[in-house]
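Take a look at the structure set out below.
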Amino acid sequence: MSIPIPVTQTAKAKKKVELFDFFYKYGTILTIIILIGVFAVSNPSFIQTTNLINILRSISIVTIIAIGITISLSVDGFDLSVGSVASLANAIVISMFVWFSQDTFIAILAAIGASLVVGALNSFMIVKLRIPDMLMTLATMFIIQGIALTYTKGATVSQNMVMPDGTFATGLISPFFAKIGQVPWIILIMAVIVIATHIFLTYTKHGRYMYIIGGNKEAARLSGISVNKYKILAYLLSALFAAIGGIVLASRVMTSEINSGSPYLMDAVAAAFIGSSVLGAGKPNAFGTFVGAVLIGILQNGLIMMSVPYYAMDIVKGTVLALALAVTYYKQKH
């Protein structure tokens, strides 16, 4: 004999679920609007065009790297090595100019080629040896960090740097390459990558296959989809976007610092997970990742304008990431 559930209790439960769904879909956008309002009131220069362009420029590298993570998440993977790959690409592209006096095409090609080797290594170890994605890319992260440090001998690579033999490096960074990291090109590169990835994942057969794999690998395999092929593609694309992020970073700062790409990892992961819930997508997607990056960029910019110490930024970003993970995993289980 079934026990009747009181109508009021059912209505409250339904209202609670609807409220959660609303915040799940629109919480990120509402937060962005509230933050813009709060920061604009505390400092009117926050909403000036110059500052808004500055925010877009500041999130460009994070967004590009986060798009790579988004693609790896779409096949139920996770690439933790993107920060190190960005550092490696940064070191290679600058060293190609400064140490070997190569032109822009060769420098960029060398950085992308080395990064794709990392993507291929990740793919092989994950697909063929069945190593869990997170553990493998964690190991790769440390390996690539070590390789980048060994390659640069732990030094900052820049024009006119002092070489180990005491002479000065004679290579110059090309003026064309220097423009990549400037407005509007850095923002346009980000926009093109976001739009292209959104179209690829949403409107192409291959993108839909990747989502099917991310949803249920066994069902995808039984449907005749080559799961391994698409996982390899995902890690290669992830490495490619990390490399582009590293190249754009190199163009922006015109030097290669030690582990320069590593600080972007947490922001990129946060942007990708925040993006999963934007407009109720319920899956990693390029547009949502961009919105997630905008949220992080606004937070950083606004807190800096409010003179919040830089060492407190990680507390805020970590909290945002924790909330995004909580919402994502709670939704998956309910």
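Would you check which residues across the stretch 211-256 are among the charged types (D, E, K, R) and crowded, with 20+ Cβ neighbours inside 10 Å and list them? Residue satisfying the conditions is LYS231 alone. For the stretch 286-324, the set of residues classified as over 21 Å from ILE33 (Cα atoms) and open to solvent by less than 60 Å² (accessible area, probe 1.4 Å) consists of PRO309, ALA312, listed by residue number. Output the residues belonging to the stretch 164-194 that are free of Cβ contacts under 8 Å to residues at least 24 places away in the same chain, at negative phi and out of contact with any strand residue (DSSP E or B) (no Cβ under 7 Å at 6 or more places or on another chain). PRO164, ASP165, THR167, PRO175, PRO184, TRP185, LEU188, ALA191, VAL192, listed by residue number.
Applying the condition of being aliphatic (A, V, I, L, M) and surrounded by 14 or more Cβ atoms within 10 Å (Cβ to Cβ) to the stretch 156-182 and asking which residue is nearest to SER58 (Cα to Cα) yields ILE180.
Cβ-Cβ distances below 8 Å connect the following pairs, each with a first residue in the stretch 90-116 that is within 10 Å of PHE177 (Cβ to Cβ), a second residue that is modelled with pLDDT under 95 and of a type in the set (Phe, Trp, Tyr), and a separation of six or more residues or different chains: VAL93/PHE177; PHE97/PHE177; THR104/PHE176; THR104/PHE177; ALA107/PHE97; ALA107/PHE177; ILE108/PHE177. Give the residues of the stretch 146-155 that are in contact (Cβ under 8 Å) with a residue 40 or more places away in the chain and open to solvent by 70 Å² or more (accessible area, probe 1.4 Å), sorted by residue number. Selection gives ILE147 alone.
Looking at SER277, is it closer than 30 Å to ASN51 by Cα, of a type in the set (Ser, Thr, Tyr), at pLDDT below 90 and in contact with a Phe, Trp or Tyr (Cβ under 8 Å, 6 or more places away or on another chain)?
Values: closer than 30 Å to ASN51 by Cα: yes; of a type in the set (Ser, Thr, Tyr): yes; at pLDDT below 90: yes; in contact with a Phe, Trp or Tyr (Cβ under 8 Å, 6 or more places away or on another chain): yes.
It is true that SER277 is closer than 30 Å to ASN51 by Cα, of a type in the set (Ser, Thr, Tyr), at pLDDT below 90 and in contact with a Phe, Trp or Tyr (Cβ under 8 Å, 6 or more places away or on another chain).
The values are calculated or read from the model by the stated rules, or taken from the named source; none is laboratory data. All of these numbers come straight from a predicted model, not from anything done at the bench. In this analysis, Cβ positions are derived from the backbone assuming ideal geometry, glycine residues included, and neighbour counts consider all displayed protein chains. The area values use the complete protein model at the heavy-atom level, side chains included, leaving out ligands, DNA and RNA. Shrake-Rupley method; radii C 1.70, N 1.55, O 1.52, S 1.80 Å.
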